[in-house]
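Participant: Can you read through this structure? Questions will come right after.
Every number in this text was worked out from the coordinates using simple rules, so none of it is lab data. If you're wondering where the values come from, they're calculated on a predicted model, not measured in any experiment. Please note: Cβ atoms are built from the backbone with ideal geometry, for glycine as well, and neighbour counts cover all protein chains shown.
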Amino acid sequence: MTTTDDRPALRSQRLNQVTNAPHEQLDKAVKANAPFETLESYARFVAAQYGFQSELKALYSDPELIRIFPDLAERCRAEQAEADLADLNTALPAAVAGALRNPGKAQALGWLFVSEGSKLGAAFLIKRAAALNLSESFGARHLGEPAGGRAEGWKSFVRTLDNLAFSAEEEAQIEQGAVAAFERFNVLLQQAYATAPKAELV
């Protein structure tokens, strides 16, 4: 079902639509950095993941947002990403300028939509991590399956998100937040790989 302007009726579907381009751009950036080729490259990828999740910790612990999603605090993966870096003997990355600061509720929901949605893709990534002898108990904790399962956790989040009432202005803020989240992860990814050693010419 779509609206008269060909925009999907469900908020989650609209968010998927408006984030399609930055999502594809990020996917290309991840593949270009080949995070599963070596442990060193993977550690840089985890550093980006930690950076993103640590910047969202305030959202996952926000009382107003927890009233909407009662299990929100348990959904945060910053601690798992931090533990993964420790497993990989990698220091926590330095903060990168431009982190999200005190967003409104609508904008925050856009960021959470992207963060929660990435757990679906993590099902594929953890299989790649297994080739590096990593698992959800060592080195790839942040890619592990959430309590209750990936699919059900996502469906539950989306059901709640789709049923919230917002003004047209707030809808735009949600969409802006989602696009900004993809763009921010791209920045953190580029930063994590910025000091990657260049391939030596033979």
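Participant: Which ordering of Val46, Val30, Val187, Val114 is given by a fewest-first count of other beta-carbon atoms within 10 Å?
Facilitator: Numbers: Val46 28, Val30 19, Val187 16, Val114 24.
Least to most surrounded, the residues fall as Val187, Val30, Val114, Val46.
Participant: Through the Karplus equation 6.51 cos²θ - 1.76 cosθ + 1.60, θ set to phi - 60°, convert the phi angles of segment 117-125 into ³J(HN,Hα) values in whole Hz; use x for Gly and Pro.
Facilitator: Coupling constants for segment 117-125: x, 5, 5, 5, x, 5, 4, 7, 5 Hz.
Participant: Can you work out ³J(HN,Hα) from phi for every residue in segment 178-185, in order, using Karplus 6.51 cos²θ - 1.76 cosθ + 1.60 and θ = phi - 60°, giving whole Hz and x for Gly and Pro?
Facilitator: 5, 5, 4, 5, 4, 5, 5, 4
Participant: In segment 65-137, what is the volume of the convex hull around the alpha carbon atoms, normalised per residue and reported in Å³? Write down the numbers at each step before the final one.
Facilitator: On the way: hull volume 8.5 nm³, N = 73.
Residue-normalised Cα hull volume stands at 117 Å³.
Participant: Hey, got a sec? Which trypsin sites (Lys or Arg not before Pro) in segment 91-152 land in a DSSP loop and have at most 10 other Cβ atoms within 10 Å?
Facilitator: Values: sites: Arg101, Lys105, Lys119, Lys127, Arg128, Arg141, Arg150; in loops: Arg101.
Of the trypsin sites (Lys or Arg not before Pro), the ones in loops of segment 91-152 whose Cβ has at most 10 other Cβ atoms within 10 Å are Arg101.
Participant: Any number yet on Rg/Rh for segment 2-128, C-alpha, Kirkwood? Mind showing how you got there, number by number?
Facilitator: On the way: Rg = 16.1 Å, Rh = 16.3 Å.
Rg/Rh for segment 2-128 comes to 0.99.
Participant: Return the sequence-ordered ³J(HN,Hα) values of segment 136-153 in whole Hz as given by the Karplus equation 6.51 cos²θ - 1.76 cosθ + 1.60 applied to θ = phi - 60°, using x for Gly and Pro.
Facilitator: Those phi angles translate into 6, 10, 7, x, 10, 4, 5, 9, x, 6, x, 4, x, x, 5, 4, 5, x Hz.
Participant: If you don't mind, another one. Averaging over all projection directions, find the projected area of the Cα convex hull of segment 63-202 and quote it in nm² with one decimal place. The partial results should precede the final answer.
Facilitator: On the way: hull surface 42.5 nm².
Seen from a random direction, the Cα hull of segment 63-202 projects 10.6 nm² on average.
Participant: Mind listing the long-range amide H neighbours of Ser135? Cut-off is under 5 Å, sequence gap 5 or more, other chains count too, H placed in the peptide plane at 1.01 Å from N.
Facilitator: Ala140
Participant: Still on this structure: Restricting to lysines 8 or more places apart or on different chains, can you count the pairs in the chain with Cα atoms under 20 Å from each other?
Facilitator: 10
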